[in-house]
Amino acid sequence: MDAGGRWLRLAFVGPTLLFLVAFNVFPLAYNVVLGFTDAELVRRGWEWHGGASYARLFADPEFAEAVRRTGLFVLMAVAIELALGFGVALALRRRFRGRDALLTALLVPMMLSPAVMGLSWNLILDGNYGILNHALAALGLPEPQWTTDRDLKFASILIIDVWMWTPFMLLVSMAALNAIPGTLYEAAEVDRAGPWTVFRRITLPLCAPLLGLAALLRATDAWKQFDLVMAVTGANDSRTQTVSTLLYQIVFRDHHVGLGSAYACLVLVIVIAGATLFTRTLEHLQRRAA
């Protein structure tokens, strides 16, 4: 390639690389550096103090509990959303009158702001005047205190998240189902394969790669759960405290920027390790299927 071609390529790629360095690489590198300092939000300057923040991190039971709770939330939310989304996609696969309108209505929750939906659901789940408890009372059922009962707070956050993000799984599942060639089902019909055999041998294996990708994307996003917790129960509630709300408290309540940076670095390592393990597992399953 001549010099003119190199400069042209650099002119197209250069601005994007600068943008990535300025808004991704530099903040990440600076955050890693801050993790080894005693930086505070309310004072200027900082001093290097090695791995003291990481030593405190590994000895902090509150952080371990937040990681455990966040991991449980991710597993339950992604599993329920994947099962519901795929099930609804199977039900909506065949065309019928009103299908498009129903599908549009089902996708609406995914398009709304999590913070706004958290505040709206906070009103819906209110134990005294919430519409959900009014509906339960009309049916003669108990009226739980969704946002104040210690045993129901976590379930309330989970319910809202499932309501918001099941449409995402539905959308990906429908894309996966529509990508399956119809000739495979015609061949299975000729061979007189039963519905369960068709599902197990054709539908599920061919949908698995896209479903796995959707689960990975949703899991990495669920690890950052912050909006719903802040809107429904707040950052100080120990029953619903996630890693993100704990970091918020460390940095903005306690002003420990250095300690919060160390916590954030460890969370990043956990997410990368989990994503790598998940993708390797998917690749292994695909090789076995082939």
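The values are calculated or read from the model by the stated rules, or taken from the named source; none is laboratory data. All values reported here derive from a predicted model rather than from experimental measurement. Note that each Cβ is placed from the backbone with ideal geometry, even for glycine, and that neighbours are counted across all protein chains shown. Each accessible area value is taken on the protein alone, full model and side chains, heavy atoms only, with ligands, DNA and RNA left out. Shrake-Rupley method; radii C 1.70, N 1.55, O 1.52, S 1.80 Å.
Observations, loosely collected:
- Derived scalar couplings ³J(HN,Hα) [region 214-219; Karplus, 6.51 cos²θ - 1.76 cosθ + 1.60; whole Hz; x for Gly, Pro]: 4, 5, 5, 4, 5, 5
- Highest-first arrangement of 196-205, 76-85, where packing means the average Cβ count within 10 Å: 76-85, 196-205
- Using a probe of 1.4 angstrom and keeping all protein chains present, the accessible surface of the chain works out to 60 square angstrom per residue.
- The chain: calculated mean residue ellipticity at 222 nm from DSSP helix runs of at least 4, using -39500 (n - 2.57): -22000 deg cm²/dmol
- The alpha carbon centroids of region 28-47 and region 135-214 are separated by 44 Å.
- Burial ranking of peptide ranges 241-254, 157-170, 60-73, 181-194 (average Cβ count within 10 Å, highest at the top): 157-170, 241-254, 60-73, 181-194
- For the peptides 42-55, 218-231, the ranking by mean Cβ contacts within 10 Å, running from highest to lowest, is 218-231, 42-55.
- Reciprocal of mean inverse Cα separation for region 155-290 (Kirkwood radius, Å): 18.0 Å
- Label zone at residue 268, where the point sits 7 Å out along the Cα-to-Cβ direction: region 201-223 residues whose backbone N lies under 19 Å: 220-223
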